[in-house]
1. Looking at (1) assigned to a loop (DSSP other than H, G, I, E, B); (2) under 16 Å from Glu163 (Cα atoms); (3) of a type in the set (Asp, Glu), which one does Asp48 not meet, given that it meets all the others?
2. If you scan the range 58-100, which residues turn out to be out of contact with any Leu (no Cβ under 8 Å at 6 or more places or on another chain), in a helix (DSSP H, G or I) and of a type in the set (Asp, Glu)?
3. Using beta carbons and a limit of 7 Å, which pairs, at least six apart or on different chains, have the first residue in the range 139-152 and in a helix (DSSP H, G or I) and the second one of a type in the set (Lys, Arg)?
4. Please identify the pairs in which a residue from the range 97-120 that is under 20 Å from Ser85 (Cα atoms) has its Cβ atom under 9 Å from the Cβ atom of a residue that is in a helix (DSSP H, G or I) and of a type in the set (Lys, Arg), counting only partners at least 6 apart or on another chain.
5. Residue by residue through the range 24-77, note down the ones that are under 22 Å from Gly95 (Cβ atoms), β-branched (Val, Ile, Thr) and at pLDDT 65 or above.
Amino acid sequence: MHYKLNLKTAIYHIQKYRLMKKIKTIILSLLLLLPFILIQSCTNSHIDRTGFMPPLKIQVPNDVKKDTATMTFIRSSEKVINALSDRMENIAVNGKDLLGKKDKDMSVMDKIKMTKMSVQLLSVGASLTNELVKIQHYIEKKQKEGISETDLKAYDAVEKALEKRIDALNNKYKNLISH
């Protein structure tokens, strides 16, 4: 059989393939993070954000801002990224004296402090579960309805914001990472 492929069809399939890869990555991330996020935190104490990076604000084109469902997805993604970023910075700031220690060199109190920070990181909080559910519903809906240019722009904006935050964290705490 011979298939006729025009440029418009090829572009559509390339965009669909790119978005499906991003959707798979987001779903995999959700599946990996969900069990940890569902764990209840040992403490509900507020994190002191002094010296932390400002909250991330995902920049989106004006045509994307008109789509309420897409903006809900983007704002939910912001909340998740910011919460995880804050937890990571909390560990970097409050656990910097522990990060370079070997397990055998840690006191019982050091191990308790490290365990507490680990649980806080992994249990970002029950409030994020709602945000992750919103993201999952949006992705499932788009898989059924189809993918638009607005959807592609939204996924790209979230992906770029996440990469930018990870790079900023790595740069800010590079002296701790290099240990």
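The values are calculated or read from the model by the stated rules, or taken from the named source; none is laboratory data. Note that this is a predicted model, so its numbers are computed, not measured. So basically every Cβ, Gly included, is an ideal-geometry build from the backbone, and we count neighbours across all protein chains shown.
1. Going through the list (1) assigned to a loop (DSSP other than H, G, I, E, B); (2) under 16 Å from Glu163 (Cα atoms); (3) of a type in the set (Asp, Glu), Asp48 breaks only (2).
2. Asp63, Asp86, Asp97
3. Partner pairs satisfying both residue conditions: Asp151/Lys142.
4. Pairs found: Leu98/Lys111; Leu98/Lys113; Met117/Arg87; Gln120/Arg87.
5. Passing the criteria: Ile47, Thr50.
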